[in-house]
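The values are calculated or read from the model by the stated rules, or taken from the named source; none is laboratory data. Not measured: the values here are computed from a predicted model. As a convention, Cβ positions derive from the backbone with ideal geometry for all residues, glycine included, and neighbour counts pool all protein chains shown. For the accessible areas, the whole protein counts, side chains as well, though only heavy atoms, and no ligand, DNA or RNA atoms are used. Shrake-Rupley method; radii C 1.70, N 1.55, O 1.52, S 1.80 Å.
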Amino acid sequence: MADKRVIVVGGGLAGLAATVRITESGLPVDLFSVVPVKRSHSVCAQGGINACNEVARQQGYSEYEHFDETIYGGDFLADQPPVFEMTHFAPKIIDLLDRMGVPFNRTPEGFRDLRLFGGSLYKRTHFAGATTGQQLLYALDEQVRRREDEGRVTKYEHWEFLRPIIEGQGDQARCVGIVAQDLRTMQIRAFRAEAVVMATGGCGLVFGKSTNSIVCTGAAAARCYRHGVWYANGEFIQVHPTAIPGADKCRLMSESARGEGGRVWVPRRQSDTRHPNDIPAGERWYFLEEKYPKYGNLVPRDIATREIFKVCMDGMGVGGGNQVYLDLTHLPASTLHKLDGILEIYSKFVGDDPHKVPMKIFPAVHYSMGGLWTRHVPKADHRGLEPGNPGQMMTNIGGLYAFGEVNFAYHGANRLGANALLSCIFDGLFCGQSVANFVRDNAPTGATPQALLDAAVADESARQDRLIRGPEGGGSDPNDNAYLIAREMGEEMTAASTVVKTAARLQQALTKIAALKARYARLRLDDTAMWTNQSLAFARATGDMLLLAESILLTGLARKESRGSHYREDFPDRNDADFLRTSVSKFDAAGGTHQLSYQEVDTALVKPRVRNYGKVESTAKSAAPARQPALT
Amino acid sequence: MNNGTPTASKPRSAARSITVRIKRCDGPGKPARFESFKVPVEPGANIISVLQWIAAHPTTDGGQRTTPPVWDSGCLEEVCGACTMVINGKVRQSCSALIDDLAPAEGDTITLEPMTKFPVMRDLMVDRSRLFHNLRRVKAWVPIDGTYNQGSGPRESPEKQEVRYTLSTCMSCGCCLEACPQFTPEPDPAAWNTSFIGAHAISQARLFNLHDTGKELATQRLDALSGPGGVSDCGNAQNCVKVCPKKIPLTESIAAMGRAVTLHGVKRFFGVKD
Ligand SMILES: Cc1cc2nc3c(=O)[nH]c(=O)nc-3n(C[C@H](O)[C@H](O)[C@H](O)COP(=O)(O)OP(=O)(O)OC[C@H]3O[C@@H](n4cnc5c(N)ncnc54)[C@H](O)[C@@H]3O)c2cc1C
Ligand code: SF4
Ligand code: SF4
Ligand code: FES
């Protein structure tokens, strides 16, 4: 396959796993990332990675059970064949990571230790302390460094993807390369490839403060969308129940804190001013345990978040504010040691010692279930995907793939904890093979006219010049800038389109986004230097985030039902008849409009059922149950 | 259910402002200068939130309009290693540097400078390519056969896992190199292979030599650490271990690799295999 190349954009878990698999098939890879890949957002993941294992299996768990939990957790919105394949492939991924040297926690006999996670009654989460994502990312980063050393990978770190280059239209459209910018020299240039993998992660920054890294703008996905790639289920944004709010971001307190036995509570008496340690057990309202006796603190995130949110809105939050306790103080030192990574974050940023006092937490935007639309090719019986088929996780553009958090494929309307790392690596390894096969089966892109590439570069240069020079005919506001616009967008999106949504509030947010877009059109940059110009890169991303924000609001407005993370107060029930469908947005560049359509969900294997995780009634005033539920 | 804005309560503490002095530089080879900004601080503010405020309000305390400062960051929770800088003369992560600790009183001043051991790209942002290059020098990876399914990896005791895990939390932040008297700036990549490799990569060599499959490359790692710029260049000043934010036992790693290199040299002298 001489001269043929693949571009991977993004060096988080998905991009690195793809790079490893694609180079293994003999193709050279050009790997692009705005940050050195070792600093990608995946490094933040704390709790772990799910897979069926021998211990759980002998207790009655199976890959099929993992599949069923994921579908149920996602409120039946995920197409089932990809989830089936992923959950059945999962044990192989753990074995491979183990061979790569990931320091998974061990049992006394030296086997891999396991912990409990949300949405499951079995221990099936593998972990390395409370910094699992960091450890997995490093293992893959090391394998990619090895291939870099062998000359099979060329890294373009501190390079930013600006757009895909697409030849032909409709069914004939094929991605032939990308336009990217060197963030030091600010040079913009085109790169040719036979296939391009987008692995650019989530879009937390659209909501301002989230648990995500500062680079998770979603701009790369928005740029694909702008150029004709479809975007699916954008309205499904996961708000994680337990984070610590900060001035610059919300820091996650991983679900593993509850998986290891942490308990969520508030005082039963409103505005109880006693120190938490002085409040006796009977006067604490363990509302998750009381409402969900079976799953307790480990109900899925959408549910835990709504419960915490409701408790606070009803004035029952700690000190009457927006916070509840996440209590680990009753756990033995050996258990807490496994959580050191996050306990350090808490004491460093809040100043209290979570070994001694309960942590104060509140929900925060965390993950995007939605993302670039991708196709999949099921096996004839729908039990999994056809291995190696070039169609796996390819977008609607030939040769353009989307892997990891940036696609929409595995988590339906709500992702289960510790399934994201799995889906990222699964995409890279399983669908990476599809990329290699696509390149093998298709003509090289050498015949693409240079003029097409040049035009794409010219287009991006013009976009940049417009930001530097300001609007045609002047009229920019010297006191406005992209940082201010992005901040207002984040506040508005968090207020309108996260835990509780209504038609009226979403409409209001659309008006606000339109006003921000108008301000954006008049921007002029303070910094016009053609060297390491960060504010230029941020301003450009802000324009792309506004586009994504608008699309998220529109799809949320159109989905008149409640499902998983998408809760419409004006349509509180799930409506399978009308909305057991994937929402697909297509951007019409000529008219600047978003076109929304729906696609059937493949539910061939598990029929949708009621999803309430065994909820029962409980109020702060109901009597405390005699004992803690068995699970926690 | 009540519809409201899910923003969390903020801890109470009085609004105040501080002065932030930033060492600025427009690019490699350009002169450096200081600029000061008067910044209102929110409770819980850190250096990053202060820099974000300055970027949105880029006017110096003298009323001069300027460009937003440039800095490096990622995770904002001290796990990615991006945001290292010199804060009040001490190298550390800026995301975990809280204003209430650094400048507790109204009007206090904080000084921000880029690291000095790496070339400055612009303002507070430096180019740490050499640090990643040094990971290649010691082949910091496990040489697996391939990614196709071959069963699990070697079993491991919890004690050994604990040692490897600690070493493996190194986030390539560069604090240990900034603090090390033996690690000096080297702008020329051609000279990197023979200049002092530093505590960070020495410790990573130890990490991979500890792994059952990783140690297949032990000889090559020890060769790399035996030559010029290897472990013997360490002057044992121990500055590195004092500044490591991940509390990695760097001096232990240096001692362990020092012994291994000596043994390796003796064996090589007598033509014995490791
Ligand atoms: C705090 C936290 C904890 C989590 N814990 C867990 C957990 O315990 N278990 C679990 O399963 N999941 C967890 N998740 C979710 C999981 O970490 C993410 O979904 C996953 O890491 C995403 O990986 P990725 O490879 O898709 O993208 P990322 O790791 O986000 O990587 C994106 C890559 O794309 C690059 N990039 C982006 N834009 C551009 C551009 N324009 N040009 C060039 N490059 C670009 C970036 O530089 C980066 O290399 C957690 C998430 C958070 C926020
Ligand atoms: S002990 Fe060695 S590596 Fe550490 S600071 Fe001193 S000279 Fe540098
Ligand atoms: S050893 Fe410590 S100080 Fe050095 S790079 Fe690693 S984490 Fe940073
Ligand atoms: S931003 Fe990642 S360590 Fe500070």
- Item | Matching residues, region A:212-239, being in contact with a Gly (Cβ under 8 Å, 6 or more places away or on another chain), assigned to a strand (DSSP E or B) and within 14 Å of another protein chain (Cβ to nearest Cβ) | A:237
- Note on the structure: Taking region B:104-128 and keeping residues at pLDDT 95 or above and within 14 Å of chain A (Cβ to nearest Cβ) leaves B:114, B:118, B:119, B:120, B:121, B:122, B:123, B:124, B:125, B:126, B:127, B:128
- Query: Which helices (runs of 4 or more DSSP H) sit wholly inside region B:138-243 and have at least 1 residues that are in contact with a strand residue (DSSP E or B) (Cβ under 9 Å, 6 or more places away or on another chain) and within 20 Å of residue B:254 (Cα to Cα)?
  - Reply: B:158-168, B:175-179, B:239-243
- Message: So the check is Cβ under 8 Å with 6+ separation or different chains; which pairs have a first residue in region A:254-280 that's surrounded by fewer than 15 Cβ atoms within 10 Å (Cβ to Cβ) and a second one that's assigned to a strand (DSSP E or B)?
- Response: A:274/A:267
- Before we move on, is residue B:262 more than 22 Å from the chain's Cα centre (by Cα) and surrounded by 16 or more Cβ atoms within 10 Å (Cβ to Cβ)? no
- Note on the structure: Among the residues of region B:72-100, the number that are buried (at least 24 other Cβ atoms within 10 Å of the Cβ) and within 16 Å of ligand 2 (Cβ to nearest atom) is 1
- Item | Scan of region B:159-168 for residues that are open to solvent by 30 Å² or more (accessible area, probe 1.4 Å) and either modelled with pLDDT under 95 or within 7 Å of another protein chain (Cβ to nearest Cβ) (or both), ordered by number | B:165
- All-but-one check, residue A:513 against (1) more than 14 Å from every other protein chain (Cβ to nearest Cβ); (2) open to solvent by 50 Å² or more (accessible area, probe 1.4 Å); (3) assigned to a helix (DSSP H, G or I), failing number (2)
- Over region A:159-197, the set of residues open to solvent by 20 Å² or more (accessible area, probe 1.4 Å) and in a loop (DSSP other than H, G, I, E, B) is A:168, A:169, A:183, A:184, A:185, A:187
- Scan region B:164-195 residue by residue and report those that are in contact with a Ser or Thr (Cβ under 9 Å, 6 or more places away or on another chain) and on the phi > 0 side of the Ramachandran plot. B:174
- Message: So for region B:204-216 (the condition being of a type in the set (Gly, Ala, Ser), over 18 Å from residue B:132 (Cα atoms) and more than 16 Å from ligand 3 (Cβ to nearest atom)), does at least one residue qualify?
- Response: yes
- Within region B:169-196, can you find the residues that are away from ligand 3 (no atom under 14 Å from the Cβ) and closer than 24 Å to residue A:35 by Cβ? B:185, B:186, B:187, B:189, B:192
- For residue A:382, are the conditions met, namely being open to solvent by 10 Å² or more (accessible area, probe 1.4 Å) and within 30 Å of residue B:98 (Cβ to Cβ)? no
- Task: State the number of residues belonging to region A:281-331 that are free of Cβ contacts under 8 Å to residues at least 60 places away in the same chain and of a type in the set (Gly, Ala, Ser).
- Result: 5
- Kindly provide the set of residues from region A:571-589 that are open to solvent by 60 Å² or more (accessible area, probe 1.4 Å) and part of a loop (DSSP other than H, G, I, E, B), ordered by number. A:572, A:573, A:574, A:589
- Item | Subset of region B:77-131 (residues that are of a type in the set (Gly, Ala, Ser), over 21 Å from residue B:40 (Cα atoms) and away from ligand 4 (no atom under 13 Å from the Cβ)) | B:89, B:129
- Note on the structure: Within region A:436-462, residues crowded, with 21+ Cβ neighbours inside 10 Å and either among the basic types (Lys, Arg) or within 14 Å of chain B (Cβ to nearest Cβ) (or both) come out as A:436
- Exactly one of (1) within 14 Å of chain B (Cβ to nearest Cβ); (2) surrounded by 24 or more Cβ atoms within 10 Å (Cβ to Cβ); (3) in a helix (DSSP H, G or I) is unmet by residue A:95. Its number? (2)
- Task: Kindly list the number of the only condition in (1) within 24 Å of residue A:172 (Cβ to Cβ); (2) open to solvent by 30 Å² or more (accessible area, probe 1.4 Å) that fails for residue A:387.
- Result: (1)
- Top-ranked residue of region B:192-217 - restricted to ones that are more than 23 Å from residue A:98 (Cα to Cα) and of a type in the set (Gly, Ala, Ser), ranked as farthest from ligand 1 (Cβ to nearest atom): B:195
- Message: under 19 Å from the mean Cα position of the chain (by Cα) and in contact (Cβ under 8 Å) with a residue 40 or more places away in the chain: is that true of residue A:100 in this structure?
- Response: no
- Query: If you go through region A:105-114 one residue at a time, do you hit one that is open to solvent by less than 10 Å² (accessible area, probe 1.4 Å) and over 23 Å from the mean Cα position of the chain (by Cα)?
  - Reply: yes
- Item | Filter pass, residue A:61 being touching a residue at least 12 places away in the same chain (Cβ under 8 Å), aromatic (Phe, Trp, Tyr), open to solvent by less than 10 Å² (accessible area, probe 1.4 Å) and more than 16 Å from ligand 4 (Cβ to nearest atom) | yes
- Task: May I ask you to verify whether residue A:348 is under 24 Å from residue B:98 (Cα atoms) and modelled with pLDDT under 95?
- Result: yes
- Message: Test of understanding: among A:472, A:460, A:405, which residue is of a type in the set (Asp, Glu) and part of a loop (DSSP other than H, G, I, E, B)?
- Response: A:472
- Message: I'd like to verify a number: residues in region B:169-208 that are at pLDDT 95 or above and either within 16 Å of ligand 4 (Cβ to nearest atom) or open to solvent by 40 Å² or more (accessible area, probe 1.4 Å) (or both), how many?
- Response: 21
- Message: So the check is Cβ under 8 Å with 6+ separation or different chains; which pairs have a first residue in region B:41-58 that's in contact (Cβ under 8 Å) with a residue 24 or more places away in the chain and more than 7 Å from chain A (Cβ to nearest Cβ) and a second one that's open to solvent by 10 Å² or more (accessible area, probe 1.4 Å) and among the β-branched types (Val, Ile, Thr)?
- Response: B:50/B:41
- Message: Testing residue B:241 on (1) over 20 Å from the mean Cα position of the chain (by Cα); (2) within 12 Å of ligand 2 (Cβ to nearest atom); (3) open to solvent by 40 Å² or more (accessible area, probe 1.4 Å), one condition comes back false. Which one is that?
- Response: (1)
- Message: Considering only region A:395-413, I want to know if a residue exists there that is under 30 Å from residue B:51 (Cβ atoms), surrounded by fewer than 23 Cβ atoms within 10 Å (Cβ to Cβ), away from chain B (no Cβ under 13 Å) and of a type in the set (D, E, K, R).
- Response: no
